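*Asks:* The structure's right below; bear with me while I get my questions together.
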Amino acid sequence: MRFKWGLRSKLLTLSSLLLLLPWFAYQFVIEMENFLRLGQQQTLLGTTSAVATALHERPSLFNEDDTPIADFKKGHDLYVYDLKDPILLDGNIKDWAAIKTLNNTYSNATYSNTTSEATQHNQDDVRFNQWLGKQGGYLYAYFEVFDPQPVKRESASSSITDNDHLIIAMSSPQGELQRYIISVAEDGWFNGYRYPQHSIYATNVTREKSIQGIWKSTPQGYNIELRLPLSLLGDKLGFQLNTSSTLNSGNIDNSISTSNLLDINKLGSVLIPSPEIENILLAMSHTRSRLWVVDRQQRVIAKTGDIHQATGTWPSDYYSDGNNETEKNNGNEKNNSSDGNGFISNKSEEINAPYSFWSTIESLILSPLYDLLLDKPDNSFVDAAKNATQLDYALIDEALTGKAATQWRLNADQKVSILSAAHPIFINGKVVGVVLAEETNHGILTLRNQALEKMFNVLIAIIFIAGILLFLFISTVVKRIRLLRDQSEHILDNNGRLNGEFNASQHSDEIGDLSRSMADMVKRLGQYHHYVEQLSARLSHELRTPVAVVRSSLENLALLPANDEQKKYIQRSQQGIIRLNKILTSMSEASRIEQSLEQGEKQTIGLKMLINSCLQGYDMIYKQSNFIEDLGEDSLLVNADPDFLVQLLDKIVHNAVEFSSDGKAISVRLTKKDSSAVLTIENTGPLLATDQQQDLFQSMVSIRPSSQQHDTHLGLGLYIAKMICDYHQATLSIDNNHQLTGVIVTIRFPLLAL
C-alpha cells in the first residue's frame, strides 16, 4: 500500500522537530546548574579543609576561653578592628573613616560604674563614642566625648582625678590587672599615668610613656585619640570616663564605663584579630573566597577576602595576564578589565570585532531579551556581615561539634545566594575554632547564562529557519484553503442559486481531496437544483391541461340532473380543482416576478402616498383587521417601481393579517433614519422561533400553526418580498418585537439625495 504524504503528516513531522528544543534546553539547564552547585560545594569545602589543616595543633594562635556565648555583650566585650590606613594622632576622626560606623556608644544609662567613688547624674547628658583598631603592633583608640561643661586640671595641681579624665584597665599578658589614667591640663600631646600595682587610688602614679595621644577640645566637648603597644595588653580591656562640672570641687559628677574596671574577672574581654592567622589566610586569598576564622564563642579572630568578589570562579585569562594589569604587545596597549563577576573581558577585541548582522541582532534584540529572562548577577547586594565581630550561624554551631558542613542561604536583601562551608579546627582532639568560607552564586549564574546564551542563539537560529519554512508551508496551505473558501462562497448567489463552476484542485493531499469532493458535490447539487427549478414550470405546464379537462367535465356534470348526494361530491371536486389551480398559479408566480424584475423601470415616487393608498384598500379587503398607521409628515422620495412595491406590501400585510390575534391591531409606521426610510409592520400574535428568521425568506418554506395547514400555502410570499427588496437595494428583516407580544417586519429603503 502506497504511503500518502498528507497535510497532517507534513505538519506533524515539522512540528515534532521543534518539540525537541525545549526538552533539550530544560535538561541542559537543570543538569548543568546542579552539577555546578555540587562542584562549588565540594571545592569550597576543600578550601576550608586546607585552611583548617594549616591551623590544626597550633595552640598559640587560639585563646581557649570557654566562656558561654550568651555572656558576651556588645560594648562590654570589645573588638579591635584591623586598620588598613595609617593613623595620625591629631584628634581628627577622618583617619577612622574606614570603620567610622563601627563605634560603641556609652552614656550614663549603659555600662556605668556604680562604686562609691563615682555617682551618676543625668542632667549633664554626658556620653561618648568609642572606636578601637590595631596597626603596626599598636592598639589605637578614639573617643568622641559629648560634655557640655568639660573641666581640665590645673597645671600646678598634684591631683589628676578632680577633673575630666579617662581610665584604662587591662589585663597584662601575665594575667594581672593594670590600670592607667589619662588626665591633661590643656589640649595637645599627652602620656598616660600608671596606677600603683594593686591600688585603686591615683596616688604616686608614674608616667607611662608608651601610652601616647592627643586631647583636643571640640564645640560639643573633646576628642581623645591614643595608642598603646599591644605588648601591654592581654585578653581583658575596659575604659571609664569620669567628668566633673566644677574645677577643684573634688567631685566626679559623671562616671561612664564599658565594664567594671576594679575586678579583673568582671572586666570586659577584648578580641584582637590574630596577625599570624591573617597571614595564613592571606596565603589562601587566591581561592577567590571570603575566609573567616572564629573561636568557640564564634568571635571573628581573622578574615580575608570580599564577598562581592567571591564568585567561586576564575577569570578566563587569570593565568595569562597575571594580576589583570595592562599588557603591551608590539607597542600597542591592550586593557583587560573585569566585569565585576570574576570574568575578564577584552574590550579591545570587542571594539575591533568585525561588524556582522548577527552581532547587531545580539546587541539590539537578544541581549536585552536575555537581561529580562535570565537571572543576572547583581553585585549591588548588601553585605550585612562585612564588619561582623561575631557570626551567629547554625552552620558554625554544627562545625563546633566536629562536623564539616555546607549550606546555601539567601542574602538579607535576597539579591544573591551565598554558599557557606565550615570546617572545625582541632587542638589535642578538641574543637577550638572554625574556618568558614563563603562564595556567591554569581559564578554559577555567569557560567550558566553564558552557556544558555550560546545555546539559545543556536536554538533561535534553528527556530528562525524552521519558522520560515513552516511559515511558507502554512502560507501555501492557507492560500489553498482560502481559495477553497472563496469558491465555496461565490458558487451560490444571494438567492441560493449556483453561480458558475467549482474548480477542483490537482494536489494529492487532504485539501486536494476535499476540493475534488466539493466539486463533485457542487456538480450533483447543480443537477438537482436545475431539476427542482424546472419542476414547478413543468408541473404547472403539464397539469394545466388535465386540470382544465377535469374542470370542464365537472362543469358539464353539474349541468346534468343529480340528486343531493351527487351534487355534494361534484361540489367537493370543483373546490379541489380550484385549490389545485391556485397552486399552479403560485408556482409560476415567482418565475414571472423574477422575469419582470429584469425588465422593470424605476421612477421617483413618494413612499408615504403609496403606502397610504394601499392601506385604504387593505381596510376594505381585510375588514376584520384594524390598521393603525403612523406615516409621519415627510413624503420620503425613493427610486422604485410602484407595482413591485405594492406587491411587496401585499405579501407582508397578508402575512401580518394571517398571523394576527383576533381583535388586535396591525401597526404600520414610516420613519426617516439617517439616509433611509424605515417601514415597520407589526402585528400581535404567535412569536417566531429564534432559528426561523432566515429560513422564512427561502423558497417553498412555510411555517404556520396547525389551524392553518388546510389552506394553500407554498411559502413563496416572503421569498417574493425578499426578491423585490433586493431589486430596490432595500433590506428586509423579520423578528419578534421588544415586548415579545408579536412579530415586527422592518424594511429599509434608500432615500433619494435632494
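*Asks:* Looking only at the stretch 470-496, which residues are without any contact (Cβ under 8 Å) to a residue 60 or more places away in the chain and over 20 Å from SER515 (Cα atoms)?
*Replies:* Correct list: PHE471, LEU472.
*Asks:* Run down GLY467, GLY429, GLY433 and say which single residue is without any contact (Cβ under 8 Å) to a residue 12 or more places away in the chain and surrounded by 12 or more Cβ atoms within 10 Å (Cβ to Cβ). Talk me through it step by step, then tell me what you get.
*Replies:* Values: GLY429 fails: surrounded by 12 or more Cβ atoms within 10 Å (Cβ to Cβ); GLY433 fails: without any contact (Cβ under 8 Å) to a residue 12 or more places away in the chain.
Criteria check complete, one pass: GLY467.
*Asks:* Could you check the stretch 219-239 and list, in sequence order, the residues that are touching a residue at least 24 places away in the same chain (Cβ under 8 Å), closer than 21 Å to ASN129 by Cα and out of contact with any His (no Cβ under 9 Å at 6 or more places or on another chain)?
*Replies:* GLN220, GLY221, TYR222, ASN223, ILE224, GLU225, LEU226, ARG227, LEU228, LYS236, LEU237, PHE239
*Asks:* Here's a follow-up. Of the residues that sit in the stretch 633-647 and are touching a helix residue (DSSP H, G or I) at 6+ places or on another chain (Cβ under 8 Å) and at pLDDT below 85, which one is farthest from LYS722 (Cα to Cα)?
*Replies:* Across the stretch 633-647, the extreme among qualifying residues is ASP634.
*Asks:* Sticking with this structure for a sec: Residues ASP695, ASP691, ASP650: which one is at pLDDT below 85, under 17 Å from MET723 (Cα atoms) and among the charged types (D, E, K, R)?
*Replies:* Just a single option satisfies the conditions, and that option is ASP695.
*Asks:* Here's another thing I want to ask about it. Yes or no: the stretch 380-394 includes at least one residue that is in contact (Cβ under 8 Å) with a residue 12 or more places away in the chain, among the β-branched types (Val, Ile, Thr) and in a strand (DSSP E or B).
*Replies:* No: the stretch 380-394 contains no residue that is in contact (Cβ under 8 Å) with a residue 12 or more places away in the chain, among the β-branched types (Val, Ile, Thr) and in a strand (DSSP E or B).
*Asks:* Next question, about the same structure. It is to be established whether one or more residues within the stretch 73-86 are at pLDDT below 85, crowded, with 20+ Cβ neighbours inside 10 Å and not acidic (Asp, Glu).
*Replies:* no
*Asks:* Residues in the stretch 169-184: is at least one touching a residue at least 60 places away in the same chain (Cβ under 8 Å), under 20 Å from GLU225 (Cα atoms), of a type outside the set (A, V, I, L, M, F, W, C) and assigned to a loop (DSSP other than H, G, I, E, B)?
*Replies:* No, every residue in the stretch 169-184 fails to be touching a residue at least 60 places away in the same chain (Cβ under 8 Å), under 20 Å from GLU225 (Cα atoms), of a type outside the set (A, V, I, L, M, F, W, C) and assigned to a loop (DSSP other than H, G, I, E, B).
*Asks:* Tally up the residues in the stretch 228-240 that are more than 58 Å from the chain's Cα centre (by Cα) and part of a strand (DSSP E or B), please.
*Replies:* 2
*Asks:* Looking at (1) closer than 21 Å to THR304 by Cβ; (2) of a type outside the set (D, E, K, R); (3) surrounded by 18 or more Cβ atoms within 10 Å (Cβ to Cβ), can you tell me which one VAL382 breaks?
*Replies:* (3)
*Asks:* When you look at LEU754, is it at pLDDT 90 or above and either within 26 Å of ASP630 (Cβ to Cβ) or not in a loop (DSSP other than H, G, I, E, B) (or both), yes or no?
*Replies:* Answer is no for this residue.
*Asks:* Please go through the stretch 130-151 and pick out each residue that is touching a residue at least 60 places away in the same chain (Cβ under 8 Å) and of a type outside the set (A, V, I, L, M, F, W, C).
*Replies:* Within the stretch 130-151, GLN130, LYS134, GLY137, TYR138, TYR140, TYR142, GLU144, ASP147, PRO148, GLN149, PRO150 meet the criteria.
*Asks:* Then there is this: Report, by residue number, each residue of the stretch 632-670 that is β-branched (Val, Ile, Thr) and in contact (Cβ under 8 Å) with a residue 40 or more places away in the chain.
*Replies:* Result: VAL638, ILE652, ILE666, VAL668.
Here is a yes/no grid of residues against (1) at pLDDT 85 or above; (2) surrounded by 12 or more Cβ atoms within 10 Å (Cβ to Cβ):
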position: GLY512; (1), (2): yes, yes
position: GLN527; (1), (2): no, no
position: ALA548; (1), (2): no, yes
position: ALA562; (1), (2): no, yes
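For (1) part of a helix (DSSP H, G or I); (2) closer than 25 Å to ALA54 by Cβ; (3) in contact with a Gly (Cβ under 7 Å, 6 or more places away or on another chain); (4) among the small types (Gly, Ala, Ser), each residue gets a yes or a no:
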residue: TRP408; (1), (2), (3), (4): no, no, no, no
residue: LYS415; (1), (2), (3), (4): no, no, no, no
residue: ILE418; (1), (2), (3), (4): no, yes, no, no
residue: ALA422; (1), (2), (3), (4): no, yes, no, yes
residue: VAL431; (1), (2), (3), (4): no, yes, yes, no
residue: VAL434; (1), (2), (3), (4): no, yes, no, no
residue: ALA437; (1), (2), (3), (4): no, yes, no, yes
residue: GLY443; (1), (2), (3), (4): yes, yes, yes, yes
residue: LEU452; (1), (2), (3), (4): yes, no, no, no
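*Asks:* Among the residues of the stretch 444-462, is any modelled with pLDDT under 90 and aromatic (Phe, Trp, Tyr)?
*Replies:* Yes, that holds for at least one residue.
*Asks:* A further question follows. Sort out which residues of the stretch 188-226 are outside any strand (DSSP E or B), touching a strand residue (DSSP E or B) at 6+ places or on another chain (Cβ under 7 Å) and loosely packed, with under 15 Cβ neighbours inside 10 Å, and write them in order of number.
*Replies:* Within the stretch 188-226, GLN220 is the sole residue that qualifies.
*Asks:* Here's something else I'd like to know. Scanning the stretch 708-751 for residues that are assigned to a loop (DSSP other than H, G, I, E, B) and of a type in the set (Val, Ile, Thr), which turns out modelled with the lowest pLDDT? Break it down into steps so the answer makes sense when it comes.
*Replies:* Of the stretch 708-751, the ones assigned to a loop (DSSP other than H, G, I, E, B) are 709-716, 728-730, 737-741, 751.
With of a type in the set (Val, Ile, Thr) added as a condition, the list becomes 712, 741.
Working: THR712: 49, THR741: 88.
Among them, the one singled out is THR712.
*Asks:* Take the stretch 382-421 and flag every residue that is within 36 Å of the chain's Cα centre (by Cα), among the β-branched types (Val, Ile, Thr) and over 17 Å from GLY443 (Cβ atoms).
*Replies:* VAL382
*Asks:* Do any helices (runs of 4 or more DSSP H) entirely within the stretch 272-373 hold 1 or more residues that are modelled with pLDDT under 50, over 19 Å from ALA52 (Cα atoms) and of a type in the set (Asp, Glu), and if so, which? Explain how you work it out, then say what you get.
*Replies:* On the way: elements: 275-283, 347-351, 357-361, 367-373.
Answer list for the stretch 272-373: 347-351.
*Asks:* Do the conditions hold for LEU36, that is, is it of a type in the set (A, V, I, L, M), part of a helix (DSSP H, G or I) and modelled with pLDDT under 90?
*Replies:* When the stated conditions are applied, LEU36 passes them.
*Asks:* Can you name the number of the only condition in (1) part of a strand (DSSP E or B); (2) more than 40 Å from the chain's Cα centre (by Cα) that ASP486 fails?
*Replies:* That leaves (1) as the condition not met.
The values are calculated or read from the model by the stated rules, or taken from the named source; none is laboratory data. Just so you know, these numbers come straight off a predicted model, no measurement behind them. Cβ coordinates were reconstructed from backbone atoms using ideal geometry, including for glycine residues, and neighbour counts include every protein chain displayed.
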